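> Please see the structure below; I have some questions.
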Amino acid sequence: MDKTKQQVVSGLSCIVCGQQTVERFLDLGSTALANKFLTKEELSKPEARYPLRVGFCHTCGHVQLTEEVPPSAMFEDYLYVSSASDTLKAHLFDLSDIVVKRRNLGAKDLVIDIGCNDGTLLTGFKRHGVRTLGVDPAQNLAALTKDSGIERYVGFFNSKTAKEIVAKWGHASAMTATNTFPHIPALQDFVEGIKIALAPGGAFVIEAHYLIDIIEQCAFDTIYHEHISYWALGPMIYLFEKHGMQVTNAERLALHHGQLRVTVQRKGEGTPQASVAEILETERRLGLDKLSTYQRFAQKTMQLKADLQRTLKELRGHGKRVVGYGAPAKGNTLLGFLEIGPSLIEYIADKSSLKQGRYCPGVHIPVVPPDRLLKDQPDYVVLLAWNFIDEILAQQEEYRRRGGKFIVPVPDVKIIG
């Protein structure tokens, strides 16, 4: 790891290696929880804010938040649903096909999806006739799989609940966690839970945002309180090897703005593919084991903040109407960090009915249905869900045909007509 003089965060232990060698490199201020969209009645009430700071571990190279928010404050009432994006839905169905084929799953096999959300991935698995179980703490999302035939355990996954799950449903031939693994603060207990619930010879498949892509695209808006960890493959291998498990496959994906898909098995139950060593070498070559890499990322983030603020203020100064499209959690990091409120962005259009009629946390910009764009025809739309740029631009072809323009904020501010 980096041998530069360390200024570690006092009293903070790395959640991967346990050492108190985490040094902070980026401070995004104190922000509201990114998925806590407010009702009109809640606007007048006090709103909780938490520090949003990121650090690098000099021992194992893991990148993590330096302050945690209790998971119960973020995940028991949740407004993000996977099926809101056609791109993501298609990807998750494709993932189910891949896992069934690679693991040779049949009618007797159980697949457990941790953080199952609205059951999109498990719906894909059901097409293959396998048994399915979703695990998710969100009480409000439980009803979304009620009539689907997908069984559900409402609660957090850990070593204790893993035993309850095995007692009722049996061991899983395959387990998945898509965009969930970064949310886990108690990683050691979580991995022990995987070992308990996974059948002999079974596989745990993870998909998570990938640190190389975050850095290369300056995707600072991926940082919010739900994401405790920002994963590279090296620290992930370190974590699983501590628990007698090994990474047997690793693949980079184009989804969102770049993800990593990792397959994990018990040691001796699988053979690591060449891709594992290849990705590790790429991480070493790009300096993911050096603090200086993240310090440059922080500098670029501050420059991006200044560029976007200047662009929006100039447009509003010339009398242009500016709104937003997409109300993902990442968008609220961007809006909160840049201190952008209704005076610069009038409203945000989003397809999710769960968010429409509510207000963005912290900045209180109203969320409306997408058809508002054609009714109003504003001059510019800030593309907050820029990781789905192709899908959204295609959906809003008519708005663009009429002369509307999109502002893409990351990795560099640019305007698309």
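> Under the √(5λ) rule applied to the eigenvalues of the Cα gyration tensor, what semi-axes describe the equivalent ellipsoid of segment 139-221? Give them in Å, descending.
26, 18, 12
> Quick one: with all protein chains in place, what share of the accessible area of segment 211-330 is carbon or sulfur, to the nearest percent (1.4 Å probe)?
Of all accessible area on segment 211-330, carbon and sulfur atoms account for 50 percent.
> Let me ask something else about it. Volume per residue, Å³, of the convex hull around the alpha-carbon atoms of segment 313-410?
Working: hull volume 9.1 nm³, N = 98.
That works out to 92 Å³ per residue.
> By its C-alpha gyration tensor, with a ≥ b ≥ c as the square roots of the eigenvalues, how is segment 98-165 shaped: rounded for a/c under 1.5, else prolate for a/b larger than b/c, else oblate? Don't jump to the answer; show the numbers that get you there.
Details: a/c = 2.17, a/b = 1.36, b/c = 1.60.
Oblate.
> Hey, what did segment 301-417 get for relative contact order, percent, Cα under 8 Å, at least 6 apart? Before the final figure, lay out the partial values.
On the way: 189 pairs, mean separation 30.2, N = 117.
Relative contact order of segment 301-417: 26 percent.
> How big is D for segment 211-270, in µm² s⁻¹ as a whole number, if Stokes-Einstein is applied with the Kirkwood radius of its Cα pairs at 4 °C and 1.567 mPa s?
102
> Still on this structure, I have one more. 222 nm [θ] for the chain, helices only, -39500 (n - 2.57) per DSSP H run of 4+, per residue, to 500?
-9500 deg cm²/dmol
> Among bridges DSSP assigns within the chain, what percent are antiparallel (round to 5)?
55
> Please check the chain for the longest run free of trypsin sites (Lys or Arg not before Pro) that are loop-located per DSSP (anything but H, G, I, E, B) and have at most 16 other Cβ atoms within 10 Å.
Segment 147-266 is the longest.
> Inverting the mean 1/r over all pairs of different Cα atoms, compute the Kirkwood radius of the chain and quote it in Å.
Averaging 1/r across every pair of different Cα atoms and inverting gives 22.2 Å.
> May I ask you to derive the relative contact order of segment 28-144, considering only C-alpha pairs under 8 Å and at least 6 residues apart, and to give it as an integer percent?
Numbers: 150 pairs, mean separation 25.2, N = 117.
Result for segment 28-144 is 22 percent.
> Report the relative contact order of the chain, percent, no decimals, based on alpha-carbon pairs under 8 angstrom and at least 6 residues apart.
Values: 840 pairs, mean separation 62.9, N = 417.
RCO, the chain: 15 percent.
> Translational diffusion coefficient, Stokes-Einstein: compute it for segment 1-147 using the Kirkwood radius over C-alpha pairs as Rh, at 37 °C and 0.692 mPa s, and state it as an integer in µm² s⁻¹.
Once the numbers are plugged in, D ends up at 176 µm²/s.
> To continue, here is another question. Compute, for D289, the solvent-accessible surface of its heavy atoms (probe 1.4 Å) with the complete set of protein chains present, and express it in square angstrom to the nearest 10.
About 40 Å², rounded to the nearest 10.
> Can I ask one more? How large is the accessible surface per residue of the chain, computed with a 1.4 Å probe and reported in Å² as a whole number?
Ligands and nucleic acids excluded, the result is 40 Å² per residue.
> On a straight-distance basis, which lysines could pair with K267 in a cross-link, Cα separation under 30 angstrom, same-chain partners fewer than 8 positions away excluded?
Partners within reach: K101, K108, K126, K160, K163, K168, K195, K242, K290.
> A follow-up question, please. Once you place label points 7 Å from the Cα toward the Cβ at E41 and E269, how far apart are they in nm?
Taking the two extended label points, one gets 4.8 nm.
> Heavy atoms only, probe 1.4 angstrom, no DNA, RNA or ligands counted: give me L374, L26 ranked by accessible area, highest first.
L374, L26
> Right, here's the next one. Taking one equal scatterer on every alpha-carbon of segment 259-365, how large is log10 of I(q)/I(0) by Debye at q = 0.17 1/Å?
-0.90
> Could you calculate the FRET efficiency of D371 with I416 from 1/(1 + (r/R0)^6), where r is the beta carbon distance between them and R0 is 30 Å, rounded to 0.05?
Approximately 0.90, to the nearest 0.05.
> Run the lone-cysteine check on the chain: no other Cys C-beta under 4.7 Å from the residue's C-beta.
C116, C218, C360
The values are calculated or read from the model by the stated rules, or taken from the named source; none is laboratory data. Fair warning: this is a prediction, and the values are worked out from it, not measured in the lab. When we count neighbours, we look across all protein chains shown, and the Cβ atoms used for this are built from the backbone with ideal geometry, even at glycine. Heavy atoms of the whole protein, side chains included, go into the accessibility calculation; ligands, DNA and RNA do not. Shrake-Rupley method; radii C 1.70, N 1.55, O 1.52, S 1.80 Å.
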